[in-house]
1. For Ala173, all conditions in the list (1) surrounded by 16 or more Cβ atoms within 10 Å (Cβ to Cβ); (2) of a type in the set (A, V, I, L, M); (3) within 23 Å of Val336 (Cβ to Cβ) hold save one; what is the number of the exception?
2. Hey, can you tell me all the residues within region 52-93 that are of a type in the set (Ser, Thr, Tyr) and part of a helix (DSSP H, G or I)?
3. Which condition does Thr266 not pass, out of (1) near ligand 1 (Cβ under 7 Å from one of its atoms); (2) outside any strand (DSSP E or B), if it passes all the others?
4. So, Arg321, is that one in contact with an Asp or Glu (Cβ under 6 Å, 6 or more places away or on another chain), away from ligand 1 (no atom under 15 Å from the Cβ) and basic (Lys, Arg) or not?
5. Could you list, in sequence order, all residues of region 129-166 that are under 27 Å from the mean Cα position of the chain (by Cα) and either loosely packed, with under 15 Cβ neighbours inside 10 Å or among the aromatic types (Phe, Trp, Tyr) (or both)?
6. May I ask you to verify whether Asp326 is over 20 Å from Arg103 (Cβ atoms) and either of a type in the set (Gly, Ala, Ser) or at pLDDT 95 or above (or both)?
Amino acid sequence: MRTQVGIVGAGPAGTMLAHLLARAGVDSVVIETRSREYVQERVRAGVLEQGTCDLMDAAGVGARMRREGLVHHGIELRFGGRGHRIDLSDLTGGRSIMIYPQREVVKDLTDARVSAGLPIYFEAEDVRVGDVDGDHPEILFIHDGFEHRVDCDFVAGCDGFHGVCREAIPRAALTIYERVYPFAWLGILAEVAPSSDELIYCSHERGFALHSMRSPSLTRLYLQCDPREAIENWPDDRIWRELQTRFATESDWRLAEGPIVQKGITPMRSFVAEPMRHGRLFLAGDAAHIVPPTGAKGLNLAVADVKAMAAAFAEFYRSGRREPLDNYSSVCLRRVWKVQRFSWWMTSMLHRFPDETPFDWRRQQAELDYVIGSRAAATSLAENYVGLPFDL
Ligand code: RFL
Ligand code: PHB
């Protein structure tokens, strides 16, 4: 089969790109290794920047998000047994964030594609990309036992950190920047109403903890743990004990407990592959970069990439101009590195590091104290958290 843009991966980046291209009249085919159910059930991100929500609206897929999502105007920083609210909206001229799970975003975008009858292949096997250096790139895969080939003008590598697209670029053509953190997050989903209306980022001497949510009846909680830790070592009662200890305050605030319906451990890294384009292959989202989740940025960054990519393809097919395609990587990387900086900063401020000294701990506490006490510092956090403008 033939298409204009072959898209590998049906996560947030791939499904949003396919949707934006369709609206611009550009043909695409989406190829995904997992099943539709698997992609839509994966528990991942929960925080959407205002710009991501605005794009969902502008692309005509924001209706359910507006009905079911929870708009948040602030977050809490908790340390030394006290909570301090960062008023995001007040500090950013009225901007806010939305709690709407990644799987719902992907579901809305996938439903839009399927109901428009546009091609999307789930459970594709042995996916390979070829001739990205030449003028006739192709995507090969097996589906329902048959070998398929998609001949395309361009390939969009939206296949996440462990995908095949980045690997299709010669090693010498890429520069990799990477930092692996000496800790992980143990995340749980619990069937209980959130204990706070807003997210709580908590620094404790036993390590970081985060209170988030998925809905008025589902709480999402994380705690910093050793990356080598096995999940079997964390029975439910140990998780609740540890969370209660870290979230404890001087007041009578208490974390509500409920049945744990999902748990997992996520390692933490910062990663950037440059450039984000090689020949006719364009990378977006986790395929090109990973941020530690402390800034809640991964999904939002993936969406910012594909917004730029879709505009560049649309321009190319409308007018033949190649300039936006040629600028794609450098335009995205400016944002990527600002988001890397913010995610690293939040991570460094809030976690305990195994090799830290008493000096470091005091400095971290002073940094938190500075952020809550200085409008300038709080504004810097807030404007990054709600999302930097698309045109930086
Ligand atoms: P994804 O979501 O990994 O999607 C890639 C898709 O490609 C498929 N795939 C292939 N398809 C075809 N052929 C192949 N060879 C393939 N190999 C892989 C995969 O099955 C998959 O469906 O990447 P994408 O689209 O770039 O999206 C990135 C986001 O998913 C990610 O950055 C976020 O989930 C990160 N993240 C968060 N981001 C936020 O913006 N806000 C948050 O609150 C937030 N919290 C989180 C997070 C990530 C977490 N984990 C588990 C990594 C919390 C956690 C715990
Ligand atoms: C989440 O709800 O999963 C979440 C929220 C904020 C983060 C990371 C993850 O910084």
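The values are calculated or read from the model by the stated rules, or taken from the named source; none is laboratory data. Treat the numbers as computed from the prediction; the structure is a model and nothing was measured. In this analysis, Cβ positions are derived from the backbone assuming ideal geometry, glycine residues included, and neighbour counts consider all displayed protein chains.
1. Of everything listed in (1) surrounded by 16 or more Cβ atoms within 10 Å (Cβ to Cβ); (2) of a type in the set (A, V, I, L, M); (3) within 23 Å of Val336 (Cβ to Cβ), Ala173 misses just condition (1).
2. So the first thing to find is which residues in region 52-93 are of a type in the set (Ser, Thr, Tyr), and the list is 52, 89, 92.
The answer is Thr52, Ser89.
3. Among (1) near ligand 1 (Cβ under 7 Å from one of its atoms); (2) outside any strand (DSSP E or B), the lone unmet condition for Thr266 is (2).
4. Values: in contact with an Asp or Glu (Cβ under 6 Å, 6 or more places away or on another chain): yes; away from ligand 1 (no atom under 15 Å from the Cβ): yes; basic (Lys, Arg): yes.
Here the answer is yes, as Arg321 does meet what is asked.
5. Initial filter on region 129-166 (under 27 Å from the mean Cα position of the chain (by Cα)): 129, 132, 139, 141, 154-166.
Across region 129-166, the qualifying residues are Phe141, Phe154, Phe161, His162.
6. Details: over 20 Å from Arg103 (Cβ atoms): yes; either of a type in the set (Gly, Ala, Ser) or at pLDDT 95 or above (or both): yes.
Judged against the criteria, Asp326 is a match.
Yes/no per residue for (1) hydroxyl-bearing (Ser, Thr, Tyr); (2) crowded, with 20+ Cβ neighbours inside 10 Å; (3) touching a residue at least 24 places away in the same chain (Cβ under 8 Å):
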position	(1), (2), (3)
Val5	no, yes, yes
Leu21	no, yes, yes
Asp27	no, no, yes
Asp54	no, no, no
His84	no, no, yes
Arg95	no, no, yes
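Yes/no matrix, rows are residues, columns are (1) of a type in the set (S, T, N, Q); (2) assigned to a loop (DSSP other than H, G, I, E, B); (3) within 16 Å of ligand 2 (Cβ to nearest atom):
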{"residue": "Asp159", "(1), (2), (3)": "no, yes, no"}
{"residue": "Gly163", "(1), (2), (3)": "no, yes, no"}
{"residue": "Glu167", "(1), (2), (3)": "no, no, no"}
{"residue": "Ala172", "(1), (2), (3)": "no, no, no"}
{"residue": "Pro182", "(1), (2), (3)": "no, no, no"}
{"residue": "Leu189", "(1), (2), (3)": "no, no, yes"}
{"residue": "Ala193", "(1), (2), (3)": "no, yes, yes"}
{"residue": "Gly207", "(1), (2), (3)": "no, yes, yes"}
{"residue": "Leu221", "(1), (2), (3)": "no, no, yes"}
